[in-house]
Each structure stands twice: as C-alpha cells, then as structure tokens.
1. Given the whole protein assembly as supplied and a 1.4 Å probe, what does the accessible area of residue 247 come to in Å², nearest 10?
2. Could you give the nm distance between label points at residue 241 and residue 99, where each point is 7 Å from its Cα heading toward the beta carbon?
3. What residues of the range 152-167 lie in the reach of a label at residue 47, counting those whose backbone N is under 18 Å from a point 7 Å from the Cα along Cα→Cβ?
4. Roughly how much of residue 52 is accessible, in Å² to the nearest 10, using a 1.4 Å probe?
5. Skipping prolines and chain starts, which residues have an amide H placed within reach, meaning under 5 Å, of the one on residue 20, given they are 5 or more residues away or on another chain?
6. Under unit Cβ charges (Lys, Arg +1; Asp, Glu -1), what dipole magnitude, rounded to 20 debye, does the range 101-171 have relative to its Cα centre?
7. Answer with one residue from 128, 151, 93: the one whose Cα lies farthest towards the positive end of the charge dipole of the range 92-157, charges on Cβ with Lys, Arg +1 and Asp, Glu -1.
8. Tell me the per residue accessible area of the range 145-205 using a 1.4 Å probe; a whole number in Å² is fine.
Amino acid sequence: MAGTPARGGTVTAVTGAERTLGAAVDAFLAQPRPATTVRTYTRTLERLAGELGRDRPLADVTDEDLDGAVSRLWGGLAPRTWNRHLATVGSFLAWCRRHGWPAGNLALRADRRAAPEDETRAIPLPELERLWARTDIPLRERALWRLLYDSAARADEALGLDVPDLDLANRQARARTKGGHARPLHFQTAAARLLARLTAGRQAGPVFLTARRAAAHRVMAAADLDPASGRARLSYEMAEQLFKRYSGGKTLHQLRHSRLTHLGEANVSAPLLMAISGHKRLATLQQYVRPSQDAVAALMAATDPDRRSP
C-alpha cells in the first residue's frame with residue numbers, strides 16, 4: 001500500500017484506512033507551489049488538521065465539524081485574514097474532490113466577510129518614528145517593521161527571507177514573490193543597522209525567528225528552522241498580533257500602504273513606485289497610493305497663483 005507522500009513530491013495514490021485528514025493535507029501540501037504560498041497553506045491546514053484530528057478519516061468529517069473548527073480557530077480575526085483562511089480551506093476541499101479523496105460534498109458554510117474600504121490606512125510618519133524609537137519593543141519587531149516600511153514589501157516576502165538573502169552593505173534583500181519569482185527589496189540605513197544586529201553571528205536560517213525552539217511535536221520544514229538554535233521562522237499570524245499590540249490595532253499591511261502613500265505625496269513617479277512595490281499594474285498600485293487631505297491642501301496652497309510671496 002502506498003504511503004503518505006513527502007512534502008514537495010507528487011501525488012501518491014492512497015487508499016483504504018490511509019485516507020485520513022492528515023494524509024489528505026500532506027498530499028495537498030506536496031504539490032509544487034511558490035514557497036510563500038506553501039507556508040501560508042501549511043499554517044492554515046496544519047492547524048485545521050490538528051483541530052479536527054490528523055488521524056480522523058476524511059470521509060467522517062461533516063460540514064458542522066468543519067464550520068465549528070474554522071470558527072474556533074479564526075472566527076475572531078479581521079475580515080481579510082478570515083477570508084484568507086476560508087479561501088485556503090476551500091482550495092484544499094476542491095483539490096481533494098478533483099483527485100479522488102473522499103471529501104464528497106463537504107463544504108464550508110461560513111461566509112466571507114466584507115472588508116470595509118478604509119480611506120485612512122496610511123500611518124503618519126511621526127507616529128511610525130515614535131514606534132521605531134521605543135526601547136520597550138524587541139529588536140526583532142522593530143527590524144521587521146522598519147524593513148516592511150522602507151521596502152514597501154508584503155509581509156510574507158519579508159518573513160520569508162533567510163540570512164543569506166540579505167545584502168546589508170548594499171541595503172538590499174532578495175525576496176520571493178507570490179508568483180515564485182525573486183525580486184529585490186531595497187531599504188535604508190536604519191533598517192540595515194537593525195537587521196545587522198538581529199542576524200549577528202548567524203550565517204543561515206530565517207532572518208525572523210520565534211523566541212523559543214520549535215515544539216518537538218510540530219513537523220517543520222528544514223528551511224523554516226535555524227540550524228543552530230532550532231528556532232522556527234516567525235509566522236505571519238504572530239507577527240501581525242505583535243504589531244497590533246504595539247501599534248494600537250494597526251496591521252502589517254498598513255506599513256506597505258503607508259510607505260507608498262508617503263512616497264506618492266513626495267511626488268515619486270508611478271513607474272518608480274511600481275519598481276519599489278513589485279506591482280505589475282498601475283490600477284493595483286493606485287489602491288495603495290492615497291495622498292492625505294493635508295497633502296492635497298498643501299499642494300493647493302503651494303500652487304495657488306494668488307498666494308503671497310514669502
């Protein structure tokens with residue numbers, strides 16, 4: 001009888017008693033995907049399998065079981081995060097049906113949540129500077145936040161960095177995008193100094209690590225572990241939780257939005273903004289670049305032909 005496939009391999013036919021929820025999750029996660037997508041899928045589905053029981057036959061899971069587990073695990077999260085977990089579970093169930101796993105008509109009945117448009121998502125720069133200067137905030141968090149702001153990177157891109165990806169002398173890092181491609185992240189001196197302190201003495205492993213060693217019962221990919229300390233790569237969920245705690249409820253995504261808005265207010269051109277952010281389409285970039293009303297008022301004053309000369 002065929003065994004459960006190793007992560008990163010191909011689908012192996014699994015029959016009979018081996019058709020457990022855990023085996024289905026392993027088979028789904030074994031499909032070739034960009035590293036950032038694999039990490040996102042793994043965090044969601046491993047927690048779901050742990051909540052429902054990895055050894056439980058997939059055919060025995062009911063809609064009620066699934067909805068209850070999803071609500072317990074992620075019901076209190078923000079709409080965008082909730083929707084991301086729902087989408088991952090939905091993709092997993094659809095894959096199971098396409099590949100003959102006994103998911104039947106199993107489906108989530110939970111609905112996506114409306115994520116309200118927020119016209120004030122950019123965080124004022126003085127507020128960010130006060131946050132970076134706080135000595136009560138750990139070095140890891142300040143390094144991550146400064147990197148995210150400077151580079152306008154997606155949080156998963158920054159969290160996916162390994163120590164060899166950093167080129168601190170040239171203020172760059174080599175990140176992997178959602179599509180699996182590599183792109184440079186550019187940052188400034190303050191971020192480089194924080195990153196240098198954070199990674200001092202380390203030659204390998206993730207840049208951003210958990211505070212403790214990974215639990216023995218958790219199966220972690222070798223690429224997500226620091227070989228020297230055994231600590232694991234910091235997860236998006238934990239990084240987001242910490243930023244919300246220290247920033248009064250703001251999100252990591254707002255750092256990316258803030259950087260692009262501030263650069264836009266400084267009249268940085270759209271092509272250069274796209275090169276910084278990694279956007280491929282101008283229409284997508286425009287969702288981020290929303291100059292504040294103060295910036296609009298300042299522009300009107302500066303270009304008013306009847307204004308008094310200084």
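The values are calculated or read from the model by the stated rules, or taken from the named source; none is laboratory data. As the structure is a prediction and not an experimental result, all values here were calculated from the model. FYI the Cβ positions are ideal-geometry reconstructions off the backbone, even for glycines, and counts take in every protein chain you see. For the accessible areas, the whole protein counts, side chains as well, though only heavy atoms, and no ligand, DNA or RNA atoms are used. Shrake-Rupley method; radii C 1.70, N 1.55, O 1.52, S 1.80 Å.
1. 20
2. So the two model labels end up 3.0 nm from each other.
3. Under 18 Å, as judged by backbone N against the label point of residue 47, lie 155-157, 159-160 of the range 152-167.
4. Rounded to the nearest 10, that gives 20 Å².
5. Distant-sequence amide H within range of residue 20: 58.
6. Using only the charged Cβ atoms, the result is roughly 220 debye.
7. About the Cα centre, the residue reaching furthest to the positive side is 93.
8. Values: 2720 Å² over 61 residues.
Dividing the accessible area of the range 145-205 by its residue count gives 45 Å².
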